[in-house]
Amino acid sequence: MAQIQGGRQVTASGVRLWAVSISDVRSLFHPTAETAASLRADVPFHVLSPYRPSHFLPFLKRDPGAPVLAADSPMPADVDSLLHGHFVPPERLAPSWEIVTHWLDRLAMGTLRLDVDHATREVLDFDLARAGVSSHLALRTLWARDAALPLRPVPGSEVGYQRYAVAVEMGEAWRSSVDALEGSVELVRQVGDWLALLSGWAEDAEGAGRPAPDVFAVASA
């Protein structure tokens, strides 16, 4: 169990990127029995009170020493819904995505978090266009493809992915545009340099018998 102390709020913001094959992302929702057991053992519950063994447990129906979870915590029922690809009601979307993003952090070959709001993303894409970067390689390209997951996005967020080859092309275009940029230079360098790592990760993945990493993304206001 990946325990988080009670009272800590873990929410998605800005743009989060993971270098991971989309097939591996989709497999989180219908895993093998062995993988499911591993995922169940690695859930970011917000624990108010940890487990305390009880000598009376053999005589009771409910374990009095069971951990106490915070009201905003992911719940075991959320884990069940995800692993079986079941419908997740609106009120459980945020904690369910917290579970999924935690799993992705462990699964991905690399991650990147950008603390940028929607307005900043629009300025970034405008700066790239003025520097001659094609619109089909704008930041939003990284979540342009439908991930086709059974879990819906949290309201106000977008979820998607981009194929490895396009992400590599995007990184090359962004790095080549730096000298022509009139703004957003540091952000372009940050994303471009991260995308440049994909080819090395792809070689590592091939050596391990895994597919090349795509880019999976969650963007929120």
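Please determine, by comparing only the residues of the range 86-97 that are in contact (Cβ under 8 Å) with a residue 24 or more places away in the chain and surrounded by fewer than 15 Cβ atoms within 10 Å (Cβ to Cβ), which one is farthest from Ala41 (Cα to Cα).
Applying the filter and picking the extreme gives Pro90.
Could you list, ordered by first residue, the pairs with Cβ atoms under 8 Å in which the first is in the range 23-45 and in a helix (DSSP H, G or I) and the second is of a type in the set (Lys, Arg), at least 6 apart or interchain?
Hits for this filter: Asp24/Arg210.
Please go through the range 4-22 and give me each residue that is assigned to a strand (DSSP E or B) and modelled with pLDDT of 95 or more, ordered by number.
Of everything in the range 4-22, those that are assigned to a strand (DSSP E or B) and modelled with pLDDT of 95 or more turn out to be Val15, Arg16, Leu17, Trp18, Ala19.
Check off (1) assigned to a loop (DSSP other than H, G, I, E, B); (2) free of Cβ contacts under 8 Å to residues at least 60 places away in the same chain; (3) closer than 17 Å to Leu107 by Cα for Glu182 and give me the number that stays unchecked.
The one condition Glu182 does not meet is (3).
Give the residues of the range 206-221 that are of a type outside the set (Val, Ile, Thr) and more than 10 Å from Ser21 (Cα to Cα), sorted by residue number.
Glu206, Gly207, Ala208, Gly209, Ala217, Ala219, Ser220, Ala221
For the subset of the range 196-220 comprising residues that are touching a Lys or Arg at 6+ places or on another chain (Cβ under 8 Å) and farther than 17 Å from Asp24 by Cα, which member is surrounded by the fewest Cβ atoms within 10 Å (Cβ to Cβ)?
Checked the range 196-220; the qualifying residue surrounded by the fewest Cβ atoms within 10 Å (Cβ to Cβ) is Ala196.
The values are calculated or read from the model by the stated rules, or taken from the named source; none is laboratory data. Just so it is clear, the structure is predicted and the values come from calculations on it, not from any experiment. For neighbour counting, all protein chains shown are included, and Cβ atoms are generated from backbone atoms with ideal geometry for every residue, glycine included.
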